[in-house]
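Asks: Here it is, the structure, as structure tokens.
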Amino acid sequence: MPNQETQFTHFEPYPIKEGEEYMNDAQKDHFRRILNAWKQELMEEVDRTVNHLQEEATNFADPSDRASQEEEFSLELRTRDRERKLINKISKAMETIDDDDYGYCAACGVEIGVRRLEARPTATLCIDCKTLAEIKEKQLGI
Ligand SMILES: [Zn+2]
């Protein structure tokens, strides 16, 4: 299963023209489309999980199956929770496109870059700040 946390791959990479202005309208549209499609996909995934849980819940035939079923439930609920958080992140990213803040590092303000954003459309840090943050997290043992 692909890691939905960081990957959304159903799109054509943006053809960057030489001397093109960063985050011009065409680039913004490109990322708006990616974020929108990703959000749709996740919302459908959440719907599927809910339907699946409802179907399963009505099928408690054998009590001995219950334990494994409950385990499966909690796993699905965790996945759903993760998806919901990710959907929120995507919505926030879409708002920053409208505010002209999208694609710039929240820590140092440099351009995050089209390719990095394509790999991680919800990224709010440039690669340097992200690396630094990860090192700090490790040192703090989070
Ligand atoms: Zn930065």
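The values are calculated or read from the model by the stated rules, or taken from the named source; none is laboratory data. In this text the structure is predicted, and so the values were computed from the model without any measurement. Using ideal geometry, Cβ is built from the backbone for each residue, glycine included, and neighbour counts are taken over all protein chains shown. We work out accessible area using only protein heavy atoms, side chains counted, and drop any ligands, DNA or RNA first. Shrake-Rupley method; radii C 1.70, N 1.55, O 1.52, S 1.80 Å.
Asks: List the number of the failed condition for residue 8; all other conditions in (1) over 26 Å from residue 117 (Cβ atoms); (2) of a type outside the set (Asp, Glu); (3) modelled with pLDDT under 85; (4) open to solvent by less than 70 Å² (accessible area, probe 1.4 Å) hold.
Replies: (1)
Asks: Evaluate the following for residue 116: is it touching a helix residue (DSSP H, G or I) at 6+ places or on another chain (Cβ under 9 Å) and part of a helix (DSSP H, G or I)? Don't jump to the end; show me each part of the working.
Replies: On the way: touching a helix residue (DSSP H, G or I) at 6+ places or on another chain (Cβ under 9 Å): yes; part of a helix (DSSP H, G or I): yes.
In short, yes.
Asks: A follow-up question, please. Here is a list: 133, 107, 67, 93. Which entry is within 16 Å of the ligand (Cβ to nearest atom) and in a helix (DSSP H, G or I)? Break it down stepwise before answering.
Replies: Values: 107 fails: in a helix (DSSP H, G or I); 67 fails: within 16 Å of the ligand (Cβ to nearest atom); 93 fails: within 16 Å of the ligand (Cβ to nearest atom).
The unique qualifying residue is 133.
Asks: Being open to solvent by 70 Å² or more (accessible area, probe 1.4 Å) and more than 9 Å from the ligand (Cβ to nearest atom) is the filter; apply it to region 110-130 and report the residue that is nearest to the chain's Cα centre (by Cα).
Replies: The qualifying residue nearest to the chain's Cα centre (by Cα) is 124.
Asks: Which of the numbered conditions does residue 96 fail, given that it passes all the others? Conditions: (1) modelled with pLDDT under 75; (2) surrounded by 10 or more Cβ atoms within 10 Å (Cβ to Cβ).
Replies: The single condition residue 96 does not satisfy is (1).
Asks: Right, here's the next one. Could you please tell me which pairs satisfy a Cβ distance under 8 Å, a separation of 6+ or placement on different chains, a first residue in region 105-132 that is farther than 15 Å from residue 93 by Cβ, and a second residue that is among the aromatic types (Phe, Trp, Tyr) and more than 10 Å from the ligand (Cβ to nearest atom)?
Replies: Correct list of pairs: 111/22.
Asks: Need the failing condition index for residue 76 against (1) charged (D, E, K, R); (2) open to solvent by 50 Å² or more (accessible area, probe 1.4 Å); (3) farther than 30 Å from residue 22 by Cβ, just the number.
Replies: Among (1) charged (D, E, K, R); (2) open to solvent by 50 Å² or more (accessible area, probe 1.4 Å); (3) farther than 30 Å from residue 22 by Cβ, the lone unmet condition for residue 76 is (2).
Asks: Right, another one. Collect the residues in region 21-57 that are at pLDDT 85 or above and open to solvent by less than 40 Å² (accessible area, probe 1.4 Å), keeping them in residue-number order.
Replies: Within region 21-57, 22, 23, 24, 27, 28, 30, 31, 34, 35, 38, 42, 46 qualify.
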